[in-house]
Amino acid sequence: MTHIPFVVAENAQEIAQTVAAEIAALIRERNAEGRSTVLGLATGNTPILLYRELVRLHREEGLDFSRVITFNLDEYYPMQPDSSQSYHYFMHHHLFDHVNVPASQIHIPDGFLSRDAIADFCAAYEQKIQQAGGLDFQLLGIGENGHIGFNEPGSARDSRTRLVRLDATTRRNAAGDFGGEDLVPREAISMGVATILEARRIVLIATGSKKATIMQKVLHSAASSDIPATFLQLHENATIYVDTAAHASLV
Ligand code: F6R
């Protein structure tokens, strides 16, 4: 078995509440000290309920995001930020438009750069994370192929923010959002495995039966590039939350 602590919850809503409560406690603690909270954020279906809960905590319980600094994991390339398929659009729609994170404290990889500007952009992205004090909390989903961020199978333990080629499985799963697999971008800009592992706290959420097979592999395989999520075994403060559907076939 793996060394990654994992929690099985009744359903996705329970996970959203538990993880949102942890993030809220962190933000409140750091606000009370007059310090910023640096969050690494994910997109996709998995975190939608969690973002909804964070928005509720802001509206109903006054959770103050004014000192929060965010870094998103990834963005398709090429991708215009105002396209409805962009992760820029997703983040504003689900979270940033509804809480008080100052726009200057939001960072999302730029999918609209010229190709020759990407390497400098990625180096600067890493530098900005460092300048912010490093990631306090990194939220992750998982791809059916075991990717975290867009670190597809084959991604190295020491990989950093960079341009990546998307795996066939990833592009197939995104086909619905783009109106066909052929229309899914072939590349993305993603934080690397090393970038993620430097976060002081990591929470990976896997919900729904489509994640059951990969979760079984993650929890029973040694850390390796074949399944990038297994690298979380190398982190001393990571937790995996699965709902009963994603846990169904775990033994
Ligand atoms: C998204 C990301 C991806 C997703 C993963 C799961 O920013 O980095 O790794 O977390 O593909 O996606 P969903 O949640 O849609 O199943």
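At-a-glance table
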read-out: Residue pairs meeting the criteria (Cβ under 9 Å; at least 6 apart or on separate chains; first on the phi > 0 side of the Ramachandran plot, in segment 34-46; second assigned to a loop (DSSP other than H, G, I, E, B) and more than 8 Å from the ligand (Cβ to nearest atom)); value: Gly34/Arg67
read-out: Total residues in segment 165-201, condition surrounded by fewer than 17 Cβ atoms within 10 Å (Cβ to Cβ), free of Cβ contacts under 8 Å to residues at least 60 places away in the same chain and in a loop (DSSP other than H, G, I, E, B); value: 3
read-out: Qualifying residue in segment 35-54 (condition: among the acidic types (Asp, Glu) and within 16 Å of the ligand (Cβ to nearest atom)); value: yes
read-out: Val184 vs. criteria over 25 Å from Arg28 (Cβ atoms), of a type outside the set (D, E, K, R), in contact with a Lys or Arg (Cβ under 8 Å, 6 or more places away or on another chain) and modelled with pLDDT of 95 or more; value: yes
read-out: Every pair of residues 6+ apart whose Cβ atoms lie under 6 Å, when the first sits in segment 75-91 and is farther than 16 Å from Ala42 by Cβ while the second is aliphatic (A, V, I, L, M); value: Tyr77/Ala188; Tyr77/Ile189
read-out: Residue match in segment 144-164 (condition: open to solvent by less than 40 Å² (accessible area, probe 1.4 Å), assigned to a helix (DSSP H, G or I) and in contact with a helix residue (DSSP H, G or I) (Cβ under 9 Å, 6 or more places away or on another chain)); value: no
read-out: Selection count where residues are buried (at least 16 other Cβ atoms within 10 Å of the Cβ), within 16 Å of Asp64 (Cβ to Cβ) and not β-branched (Val, Ile, Thr), scope segment 13-27; value: 3
read-out: Hits in segment 90-126 - residues which are within 13 Å of the ligand (Cβ to nearest atom), part of a helix (DSSP H, G or I) and either among the aromatic types (Phe, Trp, Tyr) or open to solvent by 10 Å² or more (accessible area, probe 1.4 Å) (or both); value: Phe90, His94
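The values are calculated or read from the model by the stated rules, or taken from the named source; none is laboratory data. Given the structure is predicted, the values throughout are model-derived calculations rather than measurements. FYI the Cβ positions are ideal-geometry reconstructions off the backbone, even for glycines, and counts take in every protein chain you see. These accessible areas exclude ligands, DNA and RNA; they are computed on the full protein's heavy atoms, side chains included. Shrake-Rupley method; radii C 1.70, N 1.55, O 1.52, S 1.80 Å.
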